[in-house]
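The values are calculated or read from the model by the stated rules, or taken from the named source; none is laboratory data. Since the model is a prediction, treat every value here as computed from it, not as a measurement. Glycine also receives a Cβ, built like all others from the backbone with ideal geometry; neighbour counts cover every protein chain displayed.
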Amino acid sequence: MKPISRKAAKAKGRKWYFTGKPCPHGHVTRRWVSSSGCIGCVKAYRCTPRGRKSLCDAYKRYNSSPLGFERNVRSRNSPAGIEGAYRRRTKNPLTIECRRRNDRNRRDKPARKTWTKKYRSSPKYLAYRRRKYAVSVGRIDTIPT
């Protein structure tokens with residue numbers, strides 16, 4: 001990276017500039033034209049719990065603003081956003097396992113319904129339900145076996 005002064009970067013309309021000199025914390029990285037802040041210092045700050053919290057708060061504020069909401073909707077509905085969602089849905093192992101489980105449950109539903117219908121119509125189950133109802137109504141104290 002070629003060293004450039006802040007004034008020259010500002011005149012060219014750039015966001016960053018590079019002096020080649022270390023900041024007070026020892027980082028030799030780019031700096032912002034707007035604040036002359038060091039990018040290395042910001043990265044180090046964002047690794048601290050306080051920095052992460054402030055970044056999360058900033059994202060929340062932005063996403064709840066009309067501009068952030070509109071940008072999220074636009075990006076989700078763009079071709080790249082739709083393709084990205086498809087990629088995440090098809091490549092994520094947890095999503096794949098969840099989909100398999102749902103498909104399995106959907107496929108086994110008729111068999112489960114048949115079993116449930118048969119089981120609930122059995123005399124043993126009906127007697128159990130009658131005893132449980134009698135306890136709940138208060139006719140008897142406990143469920144006899």
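Among the residues of region 39-46, is any under 30 Å from Lys10 (Cα atoms), outside any helix (DSSP H, G or I) and in the same structural domain as Lys7 (by TED's automatic domain parsing)?
Checked against the condition, which is being under 30 Å from Lys10 (Cα atoms), outside any helix (DSSP H, G or I) and in the same structural domain as Lys7 (by TED's automatic domain parsing), region 39-46 yields no hits at all.
Return the only residue of Pro49, Pro66, Pro93, Pro123 being at pLDDT 80 or above, surrounded by fewer than 10 Cβ atoms within 10 Å (Cβ to Cβ) and within 17 Å of the chain's Cα centre (by Cα).
Checking each option against the conditions leaves just Pro93.
Pairs only if they're at least six apart or on different chains, beta carbon under 6 angstrom, first in region 91-113 and free of Cβ contacts under 8 Å to residues at least 60 places away in the same chain, second surrounded by 10 or more Cβ atoms within 10 Å (Cβ to Cβ); list them, first residue then second.
Every condition considered, the pairs that remain are Thr95/Arg89.
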